[in-house]
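The values are calculated or read from the model by the stated rules, or taken from the named source; none is laboratory data. Just so you know, these numbers come straight off a predicted model, no measurement behind them. Ideal geometry is used to build each Cβ from the backbone, glycine not excepted, and the neighbour counts take in all protein chains shown.
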Amino acid sequence: MATAISAAVWALRKALAPITDDLPKDWAASDSLGPNINALKMELLRVQGILYNAHDREITNPALQDLLHMLRQLADGAEDVLDELDYFRIQDKLDSSYHAADKHAKGCTHGLALNARHTARAVANKFKFSSGGNKQTPKLKFDRVDMSKRMADIVQQLDPICAKVKEILDLELRNQKPAQGNNRPKTTSAIIEPELFGRNVQKKNIVDDITHGKYYANGLTVLQIVGPGGIGKMTFTQHVYQEVNSLFDIMIWICVSLNFDANRLTQKIVKKIPKVNAENENAIEGELIEQRLKHKRFLLVLDEWKKLLAPFRKGEARGNMVIVTTRIPEAVTMVKTVDYSIELNRLGTEDFMHLFEACVFGHEQPWKDYPELLGVGKSIVGHLKGFPLAAKTVGRLLRNQLSLDNWTRVLESKEWELQTSDYDIMPALKLSYDYLPFHLQQCFSYGALFPEDYEFGGTELVQLWIGLDILDSCDERKRLEDVGLCYLNDLVNRGFFKKNEKEDGSSCYVMHDLLHELAVKVSSSECLSISSSNVRYIQSPPSVRHLSIIIGDRDVNDRMTFEDFKRDLSTLDEKLKIENLKTLMLFGEYQGCFAQTLGVLFAEAKSLRVILLSGASYRYVVEDVFRSLPRLIHLRYLRITPFARLNSNISRFYHLRVLDVEQYSVQLDFPRDMSNLTKLRHFLVRDIDLQYINSDVGKLELLQDLRSFMVKREI
């Protein structure tokens, strides 16, 4: 219930933001909207005040859950109305009487803006100026009568719900003490995994066999590492990988997703193998692998594999190895070349306790300062069933709550009753999620929209959260970007994301597939991810606001599957309220006719805040999707990958925070009035593609960086 209250309070705060931030009273009064705006504001503040008194109490009344859900839906509606109102306020400011005020602006802000404009002019002079093809975008018409009616309707609906919520909370809170807050313990600066718990004998056996040449006579040896999800296959393999890397000329690590294409993965592998002299550059990828590995000893790791091995069987060097990890023992028998399989079972009691202690106390001496927690800790460990992933997530939860009351509350949670077998650790993961602060729950749950095994960039995640409006800073001096990085670090330290170092030295963040499954579960009322395997059978609740569509390679290459998927998607509007969608993400390669289907389907998606069109190729006609979308009054985040053209309406997306066209592969021709995007914080673009940019971009005072530009001062 605490989460439901936090969600409602958060929705109310978002709805109130346009009123408290930017909406001038004189502008509202000029359109006779003042009384309606004030009435809606008072009603929202009333509900917010009622819920504030309950945010630190334990409420158990089930009737309140439904009321809070209704309250949040109305708050969403209020946010839409006030967001639109703010949009038209900005439009008026840019297009009419507000221009005069700008000329007389004084002070520090004016000086900064003026300096930015001079800098922008220097930037603009570096690029080709284009006078054609960019007509002034027509502005939208403001319907004051409709706006007033919508506000009045929301106020009318809020009043009885507010009264009911207050009545229930008054009964619940009478004679009830506030819930005890969490202790903030001593913590170490980071949680790392340098030690392999309970697997050293198995690791030594593998390393010794490889080192002593047991498999050297074989052309290609496939070793299988088998175990259920969360058992630690990847961690175990990483330790083996690091110990034997000096024995191989080439080391390759590839993560194979559930929905993969052998050709594309072969391309990834080719990029990881150094070129050789006199290779045939026109050869297909499989032939390039054969050429580059012909006389070299290699080790290939396939994390969650299915095929791909054919090119590697033709190497002439001896002692080549492939390590595959999988949950399904029967699957690896199709490719194994020796009768040797490494099965990772649950950790023994002693080893698992050591891992749990490391997750809770880090490098400190376990239980030294908290002897009273030992008994409860052992009981909690019994629920974790020897799975390392469960130890990491629950251990890091307890790490932040080093008090007997908090640990006892975790032990007595009803979530444990949902365990279906000794191999079911989902209740442990769900329990860790339940104890996350609400703002971290939100950031984690949106991971459900992305494909499994997706590699997030840190900046990419933070910018997405900015677009979703889920970052909240109580300190006005702290940038949203800094808040987002703090959230991301918290999620890493609590085990919900893992930070990996890539071969080029950059970092990426990944979500374990069981945690991805958890994200799908906890966000199911608001987030929906569709693929060809589930589109026909989905039961979508009316509350869904965030949608992703994932097109696998099989969906494109198999004509029958493709047509079935396209037909099923065309009826999606019968299962979803398209007009209520706030997020639309498309992943995969689409043909033109497919894009047209999507364009027609989302023609009524008028509430979109986030649009991400990813994975485009020459078959992916993004323009058909984008052209059919309505005027996007609420849009905050726009990311488009190659082979698309910017919609001419882009300069009217006044709420846009993030514009990411860095992956464009065509020249860009920006509208003349790009400076209208006064709330833009991130503008990602490649300088080699830039054809024209308006010198008035200096008006974009919130812009954090324009990282692709190199500006020289001209004298």
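Scan segment 412-432 residue by residue and report those that are of a type in the set (Val, Ile, Thr) and surrounded by fewer than 18 Cβ atoms within 10 Å (Cβ to Cβ).
Thr420
Residues in segment 596-616 that are of a type outside the set (Lys, Arg), assigned to a loop (DSSP other than H, G, I, E, B) and either touching a helix residue (DSSP H, G or I) at 6+ places or on another chain (Cβ under 9 Å) or modelled with pLDDT of 75 or more (or both): how many?
First, pick out the residues of segment 596-616 that are of a type outside the set (Lys, Arg): 596-605, 607-608, 610-616.
Add one more test, that the residue is assigned to a loop (DSSP other than H, G, I, E, B), and what stays is 602-605, 607-608, 615-616.
Subsequent filtering for residues that are either touching a helix residue (DSSP H, G or I) at 6+ places or on another chain (Cβ under 9 Å) or modelled with pLDDT of 75 or more (or both) retains 602-605, 607-608, 616.
Qualifying residue count, segment 596-616: 7.
Could you grab me the full set of residues in segment 359-411 that are in a loop (DSSP other than H, G, I, E, B), among the basic types (Lys, Arg) and surrounded by 14 or more Cβ atoms within 10 Å (Cβ to Cβ)? Don't jump to the end; show me each part of the working.
Of all residues in segment 359-411, those in a loop (DSSP other than H, G, I, E, B) come to 362-370, 384-387, 400-403.
This time we only want the ones that are among the basic types (Lys, Arg), so: 368, 385.
Listed by number, the list holds a single entry, Lys385.
Among the residues of segment 318-342, write down those that are among the acidic types (Asp, Glu) and either modelled with pLDDT of 70 or more or under 27 Å from Lys385 (Cβ atoms) (or both).
Restricting attention to segment 318-342, the residues satisfying the condition of being among the acidic types (Asp, Glu) are 330, 339.
The answer is Glu330, and nothing else.
Surrounded by fewer than 18 Cβ atoms within 10 Å (Cβ to Cβ) and modelled with pLDDT under 70, is that true of Arg559? Spell out the reasoning first.
On the way: surrounded by fewer than 18 Cβ atoms within 10 Å (Cβ to Cβ): yes; modelled with pLDDT under 70: yes.
Considered against the rule, which asks whether it is surrounded by fewer than 18 Cβ atoms within 10 Å (Cβ to Cβ) and modelled with pLDDT under 70, Arg559 comes out as yes.
Yes or no: segment 343-350 includes at least one residue that is at pLDDT 80 or above, more than 30 Å from Glu195 (Cα to Cα) and assigned to a helix (DSSP H, G or I).
Here is the first cut: in segment 343-350, the ones at pLDDT 80 or above are 343-350.
Then drop every residue that is not more than 30 Å from Glu195 (Cα to Cα), which leaves none.
Within segment 343-350, not a single residue is at pLDDT 80 or above, more than 30 Å from Glu195 (Cα to Cα) and assigned to a helix (DSSP H, G or I).
Restricting attention to segment 562-578, and to residues there that are in a helix (DSSP H, G or I) and within 17 Å of Gln539 (Cβ to Cβ), which single residue is modelled with the highest pLDDT? Show your work before the answer.
Restricting attention to segment 562-578, the residues satisfying the condition of being in a helix (DSSP H, G or I) are 562-570, 572-574, 578.
Cutting the leftovers down to within 17 Å of Gln539 (Cβ to Cβ) gives us 568-569, 572-574, 578.
On the way: Asp568: 78, Leu569: 77, Leu572: 80, Asp573: 78, Glu574: 81, Ile578: 88.
Ranking the qualifying residues of segment 562-578, first place goes to Ile578.
Any residue at all in segment 401-422 that's in contact (Cβ under 8 Å) with a residue 12 or more places away in the chain and basic (Lys, Arg)?
Scanning segment 401-422 turns up no residue that is in contact (Cβ under 8 Å) with a residue 12 or more places away in the chain and basic (Lys, Arg).
Are there any pairs, at least 6 apart or on different chains, whose C-beta atoms fall under 9 Å, with the first in segment 74-97 and assigned by TED's automatic domain parsing to the domain that holds Arg13 and closer than 20 Å to Cys162 by Cα and the second assigned to a helix (DSSP H, G or I) and among the polar types (S, T, N, Q), and if so, which?
Partner pairs satisfying both residue conditions: Leu74/Gln157; Asp76/Asn580; Gly77/Gln157.
Suppose the filter is surrounded by fewer than 21 Cβ atoms within 10 Å (Cβ to Cβ) and either more than 30 Å from Lys271 (Cβ to Cβ) or under 12 Å from the mean Cα position of the chain (by Cα) (or both); does Leu485 pass it? If you could, list the steps in order and put the result at the bottom.
On the way: surrounded by fewer than 21 Cβ atoms within 10 Å (Cβ to Cβ): yes; either more than 30 Å from Lys271 (Cβ to Cβ) or under 12 Å from the mean Cα position of the chain (by Cα) (or both): no.
No; evaluated as a whole, the condition is false for this residue.
Which of (1) without any contact (Cβ under 8 Å) to a residue 60 or more places away in the chain; (2) assigned to a loop (DSSP other than H, G, I, E, B); (3) of a type in the set (Asp, Glu) does Asp453 not meet, given it meets every other one?
(1)
Of all residues in segment 430-450, count the ones that are in a loop (DSSP other than H, G, I, E, B) and more than 21 Å from Asn500 (Cβ to Cβ). Talk me through it step by step, then tell me what you get.
Residues of segment 430-450 in a loop (DSSP other than H, G, I, E, B): 435-437, 450.
With the extra rule that they be more than 21 Å from Asn500 (Cβ to Cβ), the set shrinks to 435-437.
So the count comes out to 3.
Could you say whether any residue in segment 31-42 is modelled with pLDDT under 85, in contact with a Phe, Trp or Tyr (Cβ under 8 Å, 6 or more places away or on another chain) and in the same structural domain as Val165 (by TED's automatic domain parsing)?
yes
Against the condition in contact with a His (Cβ under 7 Å, 6 or more places away or on another chain) and over 23 Å from Ala358 (Cβ atoms), how does Asp472 come out, does it pass?
Numbers: in contact with a His (Cβ under 7 Å, 6 or more places away or on another chain): yes; over 23 Å from Ala358 (Cβ atoms): yes.
Taking the combined requirement at face value, the residue satisfies it.
Assigned by TED's automatic domain parsing to the domain that holds Val535, crowded, with 18+ Cβ neighbours inside 10 Å and modelled with pLDDT of 70 or more: which single residue out of Leu646, Leu629, Leu584, Leu690 fits that description? Walk me through how you get there before you give the answer.
Values: Leu646 fails: modelled with pLDDT of 70 or more; Leu629 fails: modelled with pLDDT of 70 or more; Leu690 fails: modelled with pLDDT of 70 or more.
Just a single option satisfies the conditions, and that option is Leu584.
Within segment 91-98, can one find any residue that is under 30 Å from Gly49 (Cα atoms) and either under 32 Å from the mean Cα position of the chain (by Cα) or modelled with pLDDT of 85 or more (or both)? Talk me through it step by step, then tell me what you get.
Here is the first cut: in segment 91-98, the ones under 30 Å from Gly49 (Cα atoms) are none.
There is no residue in segment 91-98 that is under 30 Å from Gly49 (Cα atoms) and either under 32 Å from the mean Cα position of the chain (by Cα) or modelled with pLDDT of 85 or more (or both).
Do you know which residues across segment 205-215 are in a loop (DSSP other than H, G, I, E, B) and either of a type in the set (Asp, Glu) or farther than 9 Å from Met321 by Cα (or both)? Steps first, please.
Going through segment 205-215, the residues in a loop (DSSP other than H, G, I, E, B) turn out to be 212-215.
Result: His212, Gly213, Lys214.
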